[in-house]
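Report on one structure; see the data block that follows.
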Amino acid sequence: MTKIEVNTCETEKALIAIGQSIIDRAKDISNDLDRVRSITIHAELNPDEITTFDITKNYIALLTERGVKI
C-alpha cells in the first residue's frame with residue numbers, strides 16, 4: 001500500500017476552489033429545477049491532479065397523457 005502525503009494547505013485551497021466555483025455557478029445550477037429530485041455534487045481531491053467536481057441533477061419522470069399528469 002502506498003502512503004500518500006496530504007498537504008493541508010493544498011487541500012484547503014482545493015476545497016475553497018470547489019466552493020467558490022459552486023457559488024459562482026449557483027444561478028446556473030439552480031435553473032430548471034422543475035422535476036429535479038436531487039442535486040449531487042461529487043468531488044475527488046487527488047494530490048497529483050487538478051481539482052475537479054461533477055454536479056448532477058437527478059430528475060423524476062412523470063407519465064403524462066395528452067398534457068395531463070397521471
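The values are calculated or read from the model by the stated rules, or taken from the named source; none is laboratory data. Every value quoted in this text rests on a predicted model; they were computed, and no experiment measured them. Cβ sites come from the backbone with ideal geometry, for glycine too, and all protein chains shown count toward neighbours. The protein model used for the area step is the full one, side chains on, heavy atoms only, and it has no ligands, DNA or RNA in it. Shrake-Rupley method; radii C 1.70, N 1.55, O 1.52, S 1.80 Å.
Observations on the model:
- The C-beta contact set for region 18-47 (first residue closer than 25 Å to Ile60 by Cα and without any contact (Cβ under 8 Å) to a residue 40 or more places away in the chain, second residue open to solvent by 80 Å² or more (accessible area, probe 1.4 Å) and in a strand (DSSP E or B), distance under 6 angstrom, 6+ apart or interchain) comprises Arg35/Tyr59; Val36/Tyr59; His42/Asp54.
- Within region 44-60, considering residues that are of a type in the set (A, V, I, L, M, F, W, C) and modelled with pLDDT under 90, the one farthest from the chain's Cα centre (by Cα): Ile50
- Total residues in region 1-27 satisfying the condition of being under 12 Å from Leu45 (Cβ atoms), modelled with pLDDT of 90 or more and polar (S, T, N, Q): the figure is 0.
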